[in-house]
Structure formats: structure tokens, C-alpha cells
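In what follows, a structure is listed as C-alpha cells, so that the remarks can point back to it.
The values are calculated or read from the model by the stated rules, or taken from the named source; none is laboratory data. As the structure is a prediction and not an experimental result, all values here were calculated from the model. Cβ placement follows ideal geometry from the backbone for every residue including glycine, while neighbour counts extend to all protein chains displayed. Surface areas here come from the heavy atoms of the whole protein model, side chains and all, with no ligands, DNA or RNA. Shrake-Rupley method; radii C 1.70, N 1.55, O 1.52, S 1.80 Å.
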Amino acid sequence: MKFTIDWLNEYVNTDGITSAQLADHLTMLGLEVDAVTELFQELAPVQTALVLSVERHPDADSLSLCQVAVGAETLQIVCGAPNVRPGLATAIALPGTTLPGGVKIKKSKVRGIESYGMLCSERELGLGSGHGGIMELPADTPHGQSFIHALGLSDTLVEVDLTPNRSDCASVIGIAREVAGVLRRPLTLPVESASIQSSCAMFSVDIESSELCPRYGARLISGVTIAPSPWWLRKRLLSIGLRPINNVVDITNLVMMEYGQPLHAFDFDKLADKKIIVRHPRMDELDFVTLDGVARKLDAEMLMICDGVQPVAVAGIMGGMNSEVSDTTTAILLESACFDPVLIRKTARKLNLSSEASYRFERGVDPGGCILAMERAVRLLCEVAGGTVEPGGVDKYGGQKPFNTLTLRISRTSELLGIPLDYEKIADVLTSIGFRCKEKDADTLWVGAPSFRVDIEREVDLVEEVARLIGYNTIPTSLPTVQLSYPEQDAKRIIRAKIGTLLTGIGYFEAINYSFTSEKHVQWLGLAENDPRCPFVRLVNPLSEDQSVMRTMLLPGLLENVERNINFQKTAIKLFETGKVFTPKGDNEQPLERMRLAGVLSGNRFGESSPYHCKQQAVDILDAKGAMEYLLQGLRLLKEGTLSPLRFTSPSQDQIEPFVDPTQVLAVSSGDQELGIIARILPAILRKFGIKQDVFFFDLDLDALCQLDPVAKNFTALPVFPAVNRDIAMLVPEAVAAGALVDAVLQVQDPLIEQCEIFDVYQGDSVKRGLKSVALSVTYRSSQKTLTEKNVEKVHTKIVNMLGSKFEGTLREG
């Protein structure tokens, strides 16, 4: 929305307020000011001049040799304008002046005669399109003055960026109302009230739908003379960037910018049957030529203004060529109406036609202001165009809505704004912008919103109005009281995040699969019918047959990921997934949901590392076990070389899954509770998934894992005394687990035993059949002294004897 401060002063006195202060007031009112620009500064060098004499140019019949007074100087100007004459006051651009459009004036010779400047037309000054002669100023205009001051062009343009809900401010009067409210100064309106008391027999108006056209007003003005507008009217339009056309069109544009009410003038003599019908177009009326000369394709949903035969305008957007006001027009039918905003917006988008009128109708025009704006335009038409208004008119107001009355609580307003308020203060600010207030009780007001405030719907809207007018900058700043409490963290979520960090740190990638899967996967894995993972939660409306049930295992989805990666020639694979599995409980019960962690690894142990640096080695079960040990150590559920709540053991035959290699499988347990499994998948099972290379996996019950108590973090001072390492190589039956020897050593719980580790397991020619060699490294240390050979030997002998008796072992010789 554009307006000038001089125009604003017609409605509210802004004396003592600078343009910067005005812009600040508007911005604080919620009307963001985009620009404040001094107008016509490019015309500052142009001056007024008086033509003293005019002679014919000796070498050109179409040129005149003029003597022109510019202040104390008299200059010789060669001019080709047909209207130049002695006594004419006009505008002159002296040498060195640059006119709009980039034309630079120089002293020059025209057909051998020197010319010291140029007498200017309106088009050359950027003030209009007329180029039939030089600009004619009022006869009493003094010469030698600044052109922009002499014509009152010295003004300031303010451009406001309106939000869609503030359609009332798409007018100069709307802006003036806001300024008057914040400055507490009176608002002066050109027309205070107007109404149409009787109908006009010379034309009729019919409306097809009062929902699409709530109000339609029309007046007939006869005896109109179409001519250029007077300077004051053209200046108003030029100052906001509108092009003057003629007095009738310019008046409708002026009133639209003044009141925010679009108007349209029809040539009354071109209206068939002297009727106006607001309706949708018929099927044979879908081609229409608008005022811009473009043929447009209509549709049956658009609203048209029609005469007795055909459409003559697109309602709320643009008139038609067939009813355009022309130089021969003598009678005007003036329209002032209100249309449905949604319909206008849709029509404008479909026709790709936006206008100043549609801009306002799309946001909502005040139906209560239609007749006021029309009365203002009628008075101007009679004054400027010499017209005579015919008695009566039409005011169809079928879409009138009840008066918008709301209640506003004083206590609630004070609470929301954080400042003390009373009835007088609230009523004062609201009545300053056109609201009506009445006291309901000690804490409540009746507030009547004016019809031009289509955005006021709730109590909080009124609170916002109070805040705007009191001033946001006057509301004290206060910080909310916030308790400095750390929010409770979800322990399982923290563990899942830590699992992701640990596994990605050793080269794994996280997979995220759908919880929907295919029931054929459990068949491929060879699960027994009575296996608790065979019953499924079935989907009522599955996306596809392959996603018809909720998963009971994470492994099948990961195997599909492996197969897809191999198909894309990514054969070195390390993937993991944490997610829910679902077990049905009953027809009318929610399924049991448990969190699990699963991972797969296949192909080269070193991933895609260069073979120059890392040899090509296939992963094995120890890689899977190592990943689990690293993960469990990171979660502080396993501490290397010490007693731990977790164990890796070989499962019994009846505990082995049907899809794993029974020779390469480990169970992960805590006491008597089974937590998961680490194993190699049988090649026959892998082929069903389209995989032709070995795949190892691990699968853990994450919910059970989260219930375990981690190894406590205890501070231990750095050792002062040195450690002593002793190795033990025991020959034990091959059925004895090597880890059992480590546990046995740690269970001795001698204070000198710090750590015990396996560093070799051997079976070969030098070891008898049925036996294996297990080599242990035992670390001894005292926190009180340096150990002697005698101290260590005593404990070491005790350990060797214990291992020999417990596992039927002997020390390996050589």
C-alpha cells in the first residue's frame, strides 16, 4: 500500500511528526514500512519559466525561436511544441539537467541557432503520457522557481507491506485511522455518511447469489464530459505510481486508494436493456475481452457483471472492452460492490489477472463502506466531469451480517499484556480506531467491531488491538520463571544412542527397515511351527503382500539388506539395526513389543580398504564376537580380564537355531538368562535370500540388556609398584572351554591377581589327540609393595595346582 504524507494530512494532522517517526509509529502498529522516499527528486533541477516572445525559426517552419524568462535571466530556446506562445508559464530544463529516462540537456545549436535548454512536456518530465505540447502551468506561476515546489510535488512517499488480514489498511483513510489512533488526533473524512433512499427507474440490478455478492450499489451520472483530469487529481495518482487516464477513470482510482473500495464506471449507453445482472457466465459466454485488450477464457464458476444480453465485466477484477468509458461517453453507471474474497482470489489466479481491485477484494472489502465510497466518487464526478447525478439509485444488501459484538475481560487483557489496565484506558484506545465500547460489568466490556475490521473474531484479537495502540514498546520486559531442572532422560534411548556410536565407530552402518515384512521369511529360516516367532500380527490393509505382517525378528530384514548390497557390488558388509519386534497376544489385545539389536557382517574383514595395505581376509565368527565384546565393554557390561555378569558359551544342542551352523555358534547369557546369540548362517538358508557368500550375525534382547547393572565406575589410583607377568600353558581336554580357565583364575580372588587373559589356544602334532593347549597370561601386582619372586611363586603355584585338579590338566612341556 502506497500513500504520501501530503495526502495523509487531508484526513489526520501529522504536524510535528517527521517521516521517520511516522514510519516508526506504523511499524509498531503492525504495519511494516518498506520504504520512505522523497518524491520527484529527479526533477529538482527543473525550473519554472515564462515565454516572453515567440518567433519562427529562420531555417525550419516547425520550430520556434523563443525568448524565455527564468528568474533574472532571459534565455533563447528553440522549441518545436505547437502550443508555445507568449505569456505561457511552463517548465524548463537548463543545460546540465538529466531528465527521467536518462536524457541529459546540453547547450546546442538547432539549425544554426543556439538553444540554452529545453521547454518540457509532461512525458519528458515523467508526469504523464501526453506529448502534444509543452506543459502548461497556471498563468500566475512565478518563473525562476523550483518546478517541484511551484507545483506542490515536494512530498514523501511511504510504502507499507500489509499482512493479509489488514484489508482495512489498503486505503489512505485506513492508514490515517491508525495514525489518528496512535497520535490521539481527530480523523476527518470526506464523506461522513451516505445512503440511497429511493430506487432509480432508469436501470435495474439483479444479484444471482447474495453469498458471492453481499452488496451491490449503483448510481447513474449523466451529462459527463470525458477530459483529462485536473492537476491536483493527476498529481495524487502520479505520486503513488498510477497512470492518469481521464477524469472518470482517475476518480474511480482515487476513491479506491482513498477508501479501499474498488469502483467501476460503465458507459451507460452501452448496457443492453439498462440492466445489471450479477451472475455466472453461460456456456456460450466463456470468451471475454477485458479492458487490457486480452481475450480471456472464463469458466462457469467465475462471477460476471452482465447487462441484459452479455457479460460486461469480471466481477471484482476488471471491466470489459464492450462497456468501456470512451471519449464519447456522456452517461456513467457507477458500481460500488462487495464480492466473496475466495471467489475473487480463485478467479484472479485462473485468469492470471491481478489488479488493484482484486488485491483488495481478495483480502475482504468492507461492505459497510460501499455507499460512502460511491457518494465520494459521485461528488467528484459532478465537480470534475460536469456530471449530474440522477435521483435515487440501487443498494442491494442481501448479504448483510449481524453486528460483530464481542466481550473483552479487563483482567484477562491485563494478564496477557503484563500491565495494569482499566475500562477507561481500554475504551479510549479502541474507540480511537472506530470500535464501540460499553461497560458490561466491573471486569467486562461489550466491544462492537466496525464492519471494516473483518479480521476481528475473538477476544484475543481485541487484546492485540489494545497492545498495538498502547504501544508494544511501553509494555515492560519480563523474563518467565523457569526452574533449572534437568529433564529426566530415557535410559533405553541413551543406550540405543550409545550402541549406534560404538558400532559405527568400528565400521558398522545402521540400517532402518520397515516393521512390515513377509511371513515367508520365517519359513526360509526353517523355524518350527510352535516357535513363538511364527505367529504374526497381521495388517488389515497391507501395502503389499511382502509387507503384510509385523516382524518378529530383525535378521530377515538385514539379510535382505545384505542381498541388495551384494547386487550393487558392495560385498564387504557390516550392518546393524535396533528396532521393535512384535508378538501377538490375542485378538483384542495389543501385541507385545520388544526392542532387539541385530547385526550382520560378511565379506572382507577390512571392508573396502586397499588390498595394498590390508590383505583380503574373510570375516569369521570371531569378528562377530569381537564386535559384541567391544560393544558390551563400551556399555560397561563386560570388562576384559575380570569377572563379568555376561558370558559367551556354547549352547546345548536343543538351543541351537535351525538356521545357524552348529559348529560356529555362541550364546550370550547373564546368569541363567539368555540374552542373544552369535553365529554363522547356514549357506542353504542364505541361498533362499539370494546370498552366495558367508554371513555371520549377532542378535541380542535389548530390553533385557538394558536391565543389567553396568560395572560400577570406581576410581583407582595409578599403580605405584610394578606388575609381574607369568604365563601358564596348560594341556586340558579339548571339551574344556578356554574361557573357563580364565574364570577359574579370576575366581581365586587373591589380592595379588590383577588380570588374566588367553593369548593362545593350540591343537596340533605336538599335542596329544583329545587335548589342547591353552596359554594364559596372569598379571600380579601389589598396591603396597614391590612383589618378590617368592610372593609371586606362591600364588602362581596355587593357580597351576588349581587348574590341574579342576580341569584334569597338566603343564605343557617345551
Just the accessible area per residue of the chain, please: how many Å² with a 1.4 Å probe?
51
Efficiency of FRET between Lys107 and His149 - r from beta-carbon atoms, R0 22 angstrom, step 0.05
0.30
Net charge around Arg781, counting only other residues with Cβ within less than 13 Å of its Cβ (Lys, Arg = +1; Asp, Glu = -1)?
0
So which of Lys498/Lys713; Lys498/Lys585; Lys274/Lys346; Lys274/Lys297; Lys235/Lys396; Lys235/Lys274 end up more than 24 Å apart by C-alpha?
Lys498/Lys585; Lys274/Lys346; Lys274/Lys297; Lys235/Lys396; Lys235/Lys274
A student applying the Cα gyration tensor rule (rounded when a/c is under 1.5; otherwise prolate if a/b is larger than b/c, oblate if not) would label segment 261-417 oblate
Place a label point 7 angstrom from the Cα of Thr571 along the Cα-to-Cβ direction, then list the residues of segment 676-699 whose backbone nitrogen is under 15 Å away.
691-695
Once the other residues with Cβ under 14 Å from the Cβ of Leu50 are scored (Lys, Arg +1; Asp, Glu -1), what is the net sum?
-2
Filtered hits (aspartates and glutamates, Cα-Cα < 20 Å from Lys574, offset >= 8 within chain) -> Glu510, Glu560, Glu563, Glu608, Asp620, Asp623, Glu629, Asp661, Asp694, Asp699, Asp701
Provide the per-residue ³J(HN,Hα) series for segment 59-76, in order, calculated from phi with Karplus coefficients 6.51, -1.76, 1.60 and θ = phi - 60°, each as a whole number of Hz, with x at glycine and proline positions.
10, 8, 5, 8, 10, 10, 9, 10, 9, 10, 8, 10, x, 7, 9, 10, 10, 8
Over all distinct alpha-carbon pairs, what is the Kirkwood Rh of segment 644-740 in angstrom?
17.0
Between 0 and 90°, nearest 10: helix 459-470 axis offset from the chain longest Cα axis:
70
Can you find, among Ser411, Leu421, Ser432, the residue farthest towards the positive end of the dipole of segment 402-453? Put +1 on the C-beta of Lys and Arg, -1 on that of Asp and Glu.
Ser432
Per residue, how big is the convex hull of segment 223-311 when only Cα atoms are used? Give it in Å³.
129
Going by average Cβ density within 10 Å per residue, which order do the peptides 559-566, 93-100 take, highest to lowest?
559-566, 93-100
Could you pull out which residues in segment 225-256 have an amide N less than 18 Å from a spot 7 Å beyond the Cα of Asp34, following the Cα-Cβ vector?
238-243
Suppose each label sits 7 Å from its Cα in the direction of the beta carbon; what would the Asn541-Ala139 distance come out to in nanometres?
8.5
Over the chain: helical MRE at 222 nm, DSSP H runs n ≥ 4 each giving -39500 (n - 2.57), nearest 500:
-7500 deg cm²/dmol
Please work out how much length the chain gains when fully extended from Lys274 to Thr407, using 0.36 nm per residue of separation minus the C-alpha to C-alpha distance, in nm with one decimal.
43.2 nm
Might you work out the accessible area of Ile512 for me, using a 1.4 Å probe with all protein chains in place, and round it to the nearest 10 Å²?
150
If we restrict to alpha carbons, what Rg and Dmax does segment 398-523 come to, in Å?
28.2, 81
Around Phe509, which amide H atoms from residues at least 5 apart in sequence, or from another chain, sit under 5 Å from its own amide H, with H modelled in the peptide plane?
Lys574, Leu575, Phe576
Degrees between helix 738-747 axis and first principal axis of the chain (Cα, 0 to 90, nearest 10)
90
Quick one: angle between helix 172-183 and the longest Cα principal axis of the chain, in degrees between 0 and 90, rounded to 10, please.
70
Calculated FRET efficiency for the pair Tyr630/Lys785, C-beta based, R₀ 45 Å, to 0.05
0.80
Heavy atoms only, probe 1.4 angstrom, no DNA, RNA or ligands counted: give me Ser354, Ser195 ranked by accessible area, highest first.
Ser354, Ser195
Accessible-area ranking of Leu189, Leu631, largest first, probe 1.4 Å:
Leu189, Leu631
Ranked by accessible surface with a 1.4 Å probe, highest first, in what order do His57, His131, His280, His149 come?
His149, His131, His280, His57
About the Cα centre, and with charges only on the beta carbon of Lys, Arg (+1) and Asp, Glu (-1), how big is the dipole of the chain? Nearest 20 debye, please.
1960
Please give, to one decimal in nm, the separation of the simple spin-label points placed at Asn473 and Glu593, each 7 Å out from Cα toward the Cβ.
5.3
Can you pull the accessible area of Lys625 for me, 1.4 Å probe, Å² to the nearest 10?
50
Give me the net charge for the shell around Ile685: Cβ to Cβ below 11 angstrom, other residues only, Lys and Arg +1, Asp and Glu -1.
+1
For His796, what accessible surface area do you get with a 1.4 Å probe? Give it in Å², rounded to 10.
20
Based on alpha-carbon centroids, what's the gap between segment 427-474 and segment 261-317 in Å, whole number please?
40
Just subtract the alpha-carbon distance of Lys346 and Glu793 from 0.36 nm times their residue separation and send over the number in nm, one decimal.
151.3 nm
Between Asp672 and Gln747, what FRET efficiency comes out of the Förster formula 1/(1 + (r/R0)^6) with R0 = 25 Å and r the beta carbon distance, rounded to 0.05?
0.85
Give the relative contact order (percent, whole number) for the chain; include only Cα pairs under 8 Å separated by 6+ residues.
8
Counting only protein heavy atoms and using a 1.4 Å probe, what share of the accessible area of the chain belongs to carbon plus sulfur, as a whole percent?
50
Please work out how much length the chain gains when fully extended from Lys492 to Glu813, using 0.36 nm per residue of separation minus the C-alpha to C-alpha distance, in nm with one decimal.
110.5 nm
Take Thr716 and Gln617, extend 7 Å from each Cα along the Cα→Cβ direction, and tell me the distance between the two endpoints in nm.
2.9
For the chain, what is one quarter of the convex hull surface built on the Cα atoms, given in nm²?
63.8
In whole angstrom, how far apart do the alpha carbon centroids of segment 139-168 and segment 548-596 sit?
73
Amide H neighbours of Gln664 at under 5 Å, excluding residues fewer than 5 places away on the same chain, with H built from the backbone geometry, are Arg680
